[in-house]
Each structure stands twice: as C-alpha cells, then as structure tokens.
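Presented below is the structure to which this report refers.
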Amino acid sequence: MTGAPHTDSPLPDPPLSDLPLRKQRDYRLLWSARTISITGSEVSKLAIPLTAVTLLAAGPAEMGILTAAASLPALLFGLQAGAVADRLSRHRPLMIACELVSAVAAVTVPVAWLLGVLTVPWLIVVALVIGTAGVAFRAANFPHLAAIVPENQRTSALAGFHASYSMASVAGPGLAGLLVQILTAPLAVLAESLSFLGSALLLRSIRTPEHAEPAPTRGMWRDIVEGLRTSITIPTLRALLGAGVTINFFAMAYTAVHILYMVNTLGIPQGLIGVLIALSGAGGLLGAWVTTRLAKRFGENRILLGSVLFFPLEILAVGLLDGALWWKLVVLATTGVLTGGIVVAFATCMGAITLRDSPTELRARVNATMTFAVQGVMALGGLAGGLLAEVLGLRPVIFICAAGIALSTAWIWASPLRSR
C-alpha cells in the first residue's frame, strides 16, 4: 500500500479574514501607532495651554486663538486633504510624513523654552502645523484602512480605533498632569513629539502593500465638489451627514453650558467633574467592545438605528436632575458611561457604513466632507449654546439641546439604513 506523499512545504497561511484582528500583525502596528499618537496629543492638550498661561502670561484673546488653532486646519484644509488622498496610490508614506512633521513641530516647544525664545505666537504656529498634519493624516488613514483590514473586519477595526480614543481620554489627562508636575509644562510637550515619532516608526514597519487606484483629477475644486456631491446624493451617506451635523451642533451647545450648570445649579464639586468625564471615556471602551460583537450579529445599520435613540438621554437627565448629591452623582455617572458607549457605537458604525457605501475612488473625499461638516459645526454649536444661555438661562438651553439632538433620529430612521 502506498503511503501518503511526504512534503516539506509549509502549510499556506490562513487568509486575513479568518484571523482575529489581534493576530494580524499590520493591524496591530496601525492600532498601536494611533494609540501612542493620540495619547501624546492628549498630554499636549494640557501641557501647551499650561505653558501659555503659567510661563508666557497669555491673555484671554491669545488663549482663544491658541484653542482655535488646533481645530482651524480641519476647516481650512480638510476638503483639500481628502481630494489629495484620493489621488494617491499609496497612503502610508503621507501618513508617516505627517507624523514626522508633527514630531518636529512639537519638539520645538521645549527647545525654544530652554533657549528662552518661546512665545505665544510660537505655540499658535506649532498648533497650526500639528493640526494641519493631523488633517492630512486622517484623510489618508481612512482609505489606508481598506488596504490593511479585510472588509468583514472593518467595523471591529474602527471600534478598536475608537477604543484608543477612549483610553487616551481616560489616561491622557492624568499622565499629562504627572508629566507637567515632574518635567514642567514645556518639557511635557516632548512626550507628544516622542509619540509622533513612535507612531511613524510603527507605520514604517507595516508590510501590507498598497494597490489603490488613484482617482482621476479634474482640478482641486472639481474634485472637492465631487466629494460633496457624493456625500449628499447617496441616501445613506446623506443621512449620516445630516445626523452627524445635528448631533455635534447640539452636543457642543450643551458642552458650552453643562460645566456651569453642574457647578452652579446642581452643586457638583469641581473635583468630581473630572471623574465624571473619565467615566464617559470608560464607557467608550465598553462601547467599543460591545459594538464589535453586536455588529457581527445585527449589522452596523441596526446598531446605528438603536444607538441614535439614546443620544438625548444624558442631556435630558441632566436637565431634570434634582435631589441629594449622591443621587445626582449616581445618575450622572450612569448616564455618562452609557453615553460614552453610545457615542463610540454610533461613530464606529458611521465610519464603517461610510467606508462601505462610498465609491472606492471617493472614499477620502467623502470622509473629508463628513469630517469638515461635523467638526465645522461644532464651533457654531458652542457659540449658539453660550449666547442662548445668556438670554434664556442654563436649564432651558439644556432642554433645547436634548430636543435638538433627538432630531438626529429622523435622519437615520427615515433613510434606507432602516430597510437594509
């Protein structure tokens, strides 16, 4: 009897779609790069303003400009960055370059301070440079994800990224405070520079080849308009855009007044507010874990339909809250954790559906349009919330925000997302 043929050939590797994300080397590198970079950015969110206030005696106007400088690039360059990213056949080199530029910009802060030449305008320029590099990075990262992660695992991958944001929001402020106390504020910014450098090195280690087909270009303006048109004409994308803008406008209007309301009206001790914010970040971690599992069973559309119903809950609870301090803390902690999870679930599924329903050659532009709209409206929402509170008072604005954010339900439930 003839035995089975002997071979020394190794068994073929299983396809990526059969491997859990945690066992996929290149996804681990990409996730680690983002986690390190985001955590470093959280440190600088405290260290740079503290540098301006404590060492450079920055006034209110200068602090306002410094704060705006971080988000201004998204409005100025977000749409252009998406058009550029769609023209590329390889996105990773641009992502690495953005991290290196950010690392160099951040390291100039401690160097300039040690040399005695640091000024508030210097910090503003640094914030603008890092913000612009971040806009370009995000525009390239969105289509790059499609090259790294199989289609059936992209929701889980996006949930992993949002878990990174939640972890950074929990750990970043505490780490920032420790570094500022040990190293002083300017030297703490060095941690951000090192995080950008570490991210670039991890990205450089990714091996998956990119074979993106560059989109044909008809000029920058026409390319941008095509991304805008696609975001509006495809029904599911239009629903996501409308819901995202509605949520962020009223969420920022609420953010503009909720600290004042909690301190002055609810009597929440200032030291506990930070704890409540951290609990929201912890809820985000839980939301990322739950979303990954629910998406496999129910799909992204159903999670989106369910999660949007809960958005007004925390704001409404805050507006109605009364009673003993312990009861207020229990309600705020519970709703904060729940909202943190809901936000991550919504954002994860929104990203997955955008990636799924956008034409391949327009992914970066559609994502840039979404980012431009939902981030750009935040400034308007914050301004509206503050002005309305001056006229109507804090509690009425909170109820207006709860009612306004509930309108996002109509965008999602009236769209084809409900029937797919």
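The values are calculated or read from the model by the stated rules, or taken from the named source; none is laboratory data. Keep in mind that what you see is a predicted model, and the values were worked out from it rather than measured. With ideal geometry, Cβ positions are generated from the backbone for all residues, glycine too; neighbour counts draw on all protein chains shown. Only protein heavy atoms, including side chains, enter the accessible area calculation; ligands, DNA and RNA are left aside. Shrake-Rupley method; radii C 1.70, N 1.55, O 1.52, S 1.80 Å.
General remarks:
- Relative contact order computed over the range 50-192 (Cα-Cα under 8 Å; 6+ residues apart), in percent: 35 percent
- Within the accessible surface of the range 244-366, defined with a 1.4 Å probe on protein heavy atoms only, the carbon and sulfur portion equals 70 percent.
- Choice from Leu19, Leu94, Leu362 showing the highest fluctuation, given a GNM over the chain with Cα pairs closer than 10 Å: Leu19
- Aspartates and glutamates whose Cα lies under 14 Å from that of Lys45, excluding same-chain neighbours fewer than 8 positions away: Glu192
- Label corresponding to Cα extents along the principal axes in Å when calculated from the structure given, among (i) 87, 59, 52; (ii) 65, 48, 47; (iii) 80, 46, 33: (i)
- Mean residue ellipticity at 222 nm, helices only, the chain: -27000 deg cm²/dmol; runs of at least 4 DSSP H residues each add -39,500 (n - 2.57), and the sum is divided by the number of residues.
- With a 1.4 Å probe rolled over the protein heavy atoms of all chains, the accessible area of Asp322, Asp357 falls in the order Asp322, Asp357, largest first.
- The chain - accessible surface per residue (Å², probe 1.4 Å): 47 Å²
- For the residues Arg90, Arg229, Arg238, a GNM of the chain with alpha-carbon springs under 10 Å puts the largest fluctuation on Arg229.
- Listed values for the range 29-42 are Karplus-derived 3J(HN,Hα) couplings in whole Hz (6.51 cos²θ - 1.76 cosθ + 1.60, θ = phi - 60°), namely 5, 5, 5, 5, 4, 5, 4, 5, 5, 5, 4, x, 5, 5, and x replaces Gly and Pro.
- Leu316 accessible area, 1.4 Å probe, all protein chains in place, Å² to nearest 10: 80 Å²
- Highest mean packing first, where packing is the average number of other Cβ atoms within 10 Å per residue, the peptides 325-337, 32-44 line up as 32-44, 325-337.
- J(HN,Hα) series, the range 109-122, from Karplus relation 6.51 cos²θ - 1.76 cosθ + 1.60, nearest Hz, glycine and proline x: 5, x, 5, 5, 5, 5, 7, x, 10, 6, 9, 5, x, 4
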